[in-house]
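Shown next, in structure tokens, is the structure this report addresses.
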Amino acid sequence: MSQENTENIEKEIIQDENVVENQDVQENNEPEVSVEEQLQEQKDKFIRLYAEFENYKKRTSKERVELFKTAGQEILQSMLPVLDDFDRAWAQVSQSEDEALVKGVELIHEKLKSTLMSKGLEVVEIKAGDAFDADFAEAITQIPAPTPKLKGKIVDVIEKGYKLGDKIIRFPKVILGN
């Protein structure tokens with residue numbers, strides 16, 4: 001047998017198998033899925049997968065932005081007691097007679113504050129006489145109001161509060177009048 005005869009025989013066998021397969025499909029009376037339906041099904045799968053991927057990208061991008069905004073939160077929180085101590089020390093040093101000492105400490109104090117503020121730290125603005133709001137301040141005690149005007153309001157701010165961006169990282173501690 002020659003090479004051509006072998007190839008011809010193989011082609012006939014393949015054609016016969018295809019005919020048999022087609023007859024089996026027709027005998028089972030199963031409707032054939034058209035190419036257009038398959039294409040539509042694949043397009044639908046692709047669109048769903050694409051939409052899911054776009055949602056994933058948006059979600060991870062949003063999470064990344066939030067992470068960058070609050071990345072230094074722990075460090076800034078650990079620096080807050082140092083800033084409080086510095087504020088108290090500044091109150092005492094500013095009463096000193098030594099102008100060079102006062103000026104030096106003032107420069108260092110301002111530099112520390114400006115550095116922390118440049119990293120996004122902000123003071124929660126609250127003062128005596130403001131209405132108390134539990135969402136923005138922490139009441140540590142109540143005392144009799146010195147004036148009737150201060151009933152239910154903030155009498156004194158014990159510790160400053162700070163926020164990083166829109167998130168409060170330390171609530172101000174206040175005394176309420178009752």
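The values are calculated or read from the model by the stated rules, or taken from the named source; none is laboratory data. If you're wondering where the values come from, they're calculated on a predicted model, not measured in any experiment. Using ideal geometry, Cβ is built from the backbone for each residue, glycine included, and neighbour counts are taken over all protein chains shown.
General observations
- Filter pass, GLU122 being farther than 16 Å from LEU80 by Cβ, acidic (Asp, Glu) and either touching a residue at least 24 places away in the same chain (Cβ under 8 Å) or not in a helix (DSSP H, G or I) (or both): no
- Residue in the stretch 94-103 that is of a type in the set (Ser, Thr, Tyr), surrounded by fewer than 14 Cβ atoms within 10 Å (Cβ to Cβ) and at pLDDT below 95 present: yes
- Residues within the stretch 139-173 that are of a type in the set (D, E, K, R), within 17 Å of GLN77 (Cα to Cα) and in contact (Cβ under 8 Å) with a residue 12 or more places away in the chain, tallied: 6
- Across the stretch 134-160, the qualifying residues are those that are loosely packed, with under 15 Cβ neighbours inside 10 Å and among the β-branched types (Val, Ile, Thr), and the one among them that is nearest to ASP84 (Cα to Cα) is ILE158.
- Any hit, the stretch 95-116, residues being within 24 Å of the chain's Cα centre (by Cα) and not in a loop (DSSP other than H, G, I, E, B): yes
- Any hit, the stretch 158-177, residues being small (Gly, Ala, Ser) and in a strand (DSSP E or B): yes
- Condition check for GLY129: within 30 Å of ASN178 (Cα to Cα) and either among the small types (Gly, Ala, Ser) or touching a residue at least 40 places away in the same chain (Cβ under 8 Å) (or both): yes
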